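Working notes, structure below.
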Amino acid sequence: MLIREATGDDWPRIWPFWRRIVAAGETYAWDPGTSEEEARVLWMNPAKRVYVVEDDGGTVVASAYLTPNYGGPAARIANAGFMVDPDQGGRGYGRALAGHLLTEARAAGYRGMVFNAVVETNPAVKLWTSLGFAILGTVPDAFEHPRRGLVGLHIMYRAL
């Protein structure tokens with residue numbers, strides 16, 4: 001696999017799985033009906049460093065972004081978003097990308113990373129805790145899961 005910074009030309013290869021994941025309404029607190037134009041602005045925003053994972057055949061199978069979570073004196077706390085093509089899950093792409101982003105965040109001078117809204121039923125919670133993230137708190141019944149009803153949103157943090 002190859003992990004590299006994304007270019008604008010990568011968006012058409014990210015969009016199919018981005019749309020599928022967000023439209024499912026199970027793991028992201030973004031509107032499931034987000035248009036492609038709105039999604040591109042959310043994910044490929046110039047304030048974000050965006051990465052992709054290519055499999056051995058050159059297919060983009062995952063993407064993530066790294067950005068400051070706050071501004072001003074708190075700008076050294078990072079935020080990130082991760083997506084792995086659902087058809088490519090369980091192959092280590094998410095773990096490899098997470099490790100890469102943690103390294104990139106440290107190199108960029110971030111002191112910690114926070115996830116503001118991790119759906120408590122998201123299988124990625126297991127990955128984040130295995131990588132040293134702690135659940136600081138949970139906002140109860142904050143997310144309307146399409147199959148499980150109201151579930152909580154975790155706030156997760158890891159020092160770098």
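The values are calculated or read from the model by the stated rules, or taken from the named source; none is laboratory data. On a predicted model such as this, the values are computed, not experimentally measured, just so you know. Positions of Cβ are backbone-derived with ideal geometry, glycine not excepted, and every protein chain shown enters the neighbour counts. With ligands, DNA and RNA removed, areas are computed over all heavy atoms of the protein, side chains included. Shrake-Rupley method; radii C 1.70, N 1.55, O 1.52, S 1.80 Å.
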Give the percent of DSSP beta bridges with both residues in the range 28-160 that are antiparallel, rounded to the nearest 5. 95 percent
Provide the per residue accessible area, probe 1.4 Å, for the range 1-87, rounded to a whole number of square angstrom. 49 Å²
What is the Cα centroid distance between the range 86-104 and the range 108-139, reported in whole angstrom? 14 Å
Which value in Å does the Kirkwood hydrodynamic radius of the chain take, with 1/r averaged over all unlike C-alpha pairs and then inverted? 16.1 Å
The range 26-92, relative contact order [Cα under 8 Å, separation at least 6], %: 20 percent
Phi to ³J(HN,Hα) by Karplus 6.51 cos²θ - 1.76 cosθ + 1.60 over the range 145-160, Hz, x for Gly, Pro: 6, x, 10, 9, x, 6, 10, x, 10, 7, 9, 10, 9, 8, 6, 10
Taking the simple approach of a point 7 Å from Cα along Cα-to-Cβ for both R95 and R147, what is their distance in nm? 2.3 nm
Keeping all protein chains in position, work out how much accessible area F133 exposes to a 1.4 Å probe, and write it in Å² to the nearest 10. 10 Å²
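With all protein chains present, how much of the accessible area of the range 57-160 (probe radius 1.4 Å) comes from carbon and sulfur, to the nearest whole percent?
Working: 2610 of 4930 Å².
For the range 57-160, the apolar C and S fraction of the accessible surface comes to 53 percent.
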Which one of A80, A64, A124 has the biggest mean-square fluctuation once the chain is modelled by GNM with Cα springs under 10 Å? A124
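If you take the C-alpha gyration tensor of the range 83-160, multiply each eigenvalue by 5 and take the square root, what semi-axes do you get, largest first, in whole Å? Walk me through the numbers on the way to the answer.
Values: eigenvalues 107, 61, 15 Å².
Semi-axis lengths for the range 83-160 are 23, 17, 9 Å.
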Candidates R40, R147, R49; GNM for the chain (alpha-carbon contacts under 10 Å) flags as most fluctuating R147
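Would you mind getting the accessible area per residue of the range 89-135, heavy atoms of the protein chains only, 1.4 Å probe, in Å²? Let's see the in-between values first.
Values: 2180 Å² over 47 residues.
Normalised by residue count, the accessible surface of the range 89-135 is 46 Å².
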Semi-axes, largest first, in whole Å: what does sqrt of 5 times each Cα gyration tensor eigenvalue give for the range 20-86? 22, 17, 11
How many nm is it between the label spots at T121 and D31, if each spot is 7 Å from the Cα in line with the beta carbon? 2.3 nm
Simple spin-label estimate for I135/A74, 7 Å along Cα→Cβ, in nm, reads 2.2 nm
